[in-house]
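Chemist: This is the structure I want to talk about, given as structure tokens.
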Amino acid sequence: MKKIIAALALMLAVGYTANAQKRTVAPQQQLSAAEKHESYKQAALKDVKEIQGAVQLNAEEEDKLLTAFVEKHKEFNTPGMTSERKINYSYSLDKYVLQVLGNDKYDKLKASGLLKRLTGETGK
């Protein structure tokens with residue numbers, strides 16, 4: 001009887017110490033929706049400023065491009081975004097930039113290589 005009780009106590013002690021060694025990882029702090037939007041907006045502002053360094057933008061073009069690049073950063077940071085979707089989105093963004101800027105400014109951006117880098121286009 002003593003051996004059974006000792007074996008039971010030993011099993012409980014081993015089980016207790018095994019559970020004590022498991023670490024629980026604290027969940028990473030999730031950014032609020034406003035903080036995420038602000039980070040996307042900051043990245044988009046940086047992109048638009050780079051474009052302004054290459055071509056002159058008026059206020060309307062700047063606003064349209066800012067909105068488009070905020071959406072780009074939002075889409076590209078969406079979990080589960082496949083590379084095929086990124087390629088399609090980049091292609092659409094490239095065409096939207098052409099529509100907003102017109103042929104002359106678009107050609108300057110494309111020649112500088114800045115457009116390809118900012119839209120993420122992979123040559124579709």
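Chemist: Roughly how much of ASP107 is accessible, in Å² to the nearest 10, using a 1.4 Å probe?
Modeler: For ASP107, solvent-accessible area is about 90 Å².
Chemist: Please list LYS110, LYS86, LYS2 from largest to smallest accessible area, probe radius 1.4 Å, with all protein chains kept in place.
Modeler: The residues order as LYS2, LYS110, LYS86, largest area first.
Chemist: Can you sort ILE87, ILE4, ILE51 by solvent-accessible area, 1.4 Å probe, largest first?
Modeler: ILE4, ILE87, ILE51
Chemist: Measuring from label point to label point, each 7 Å out along Cα→Cβ, what is the HIS37 to GLU75 span in nm?
Modeler: Result for the modelled spin labels: 1.9 nm.
Chemist: Assuming 1.306 mPa s and 10 °C, estimate D for segment 36-124 with Stokes-Einstein, Rh taken as the Kirkwood radius over Cα pairs, in µm²/s.
Modeler: 121 µm²/s
The values are calculated or read from the model by the stated rules, or taken from the named source; none is laboratory data. Since we're looking at a predicted model, the values are computed, not measured. Positions of Cβ are backbone-derived with ideal geometry, glycine not excepted, and every protein chain shown enters the neighbour counts. Please note that ligands, DNA and RNA were not included when accessible areas were found on the heavy atoms of the full protein model with its side chains. Shrake-Rupley method; radii C 1.70, N 1.55, O 1.52, S 1.80 Å.
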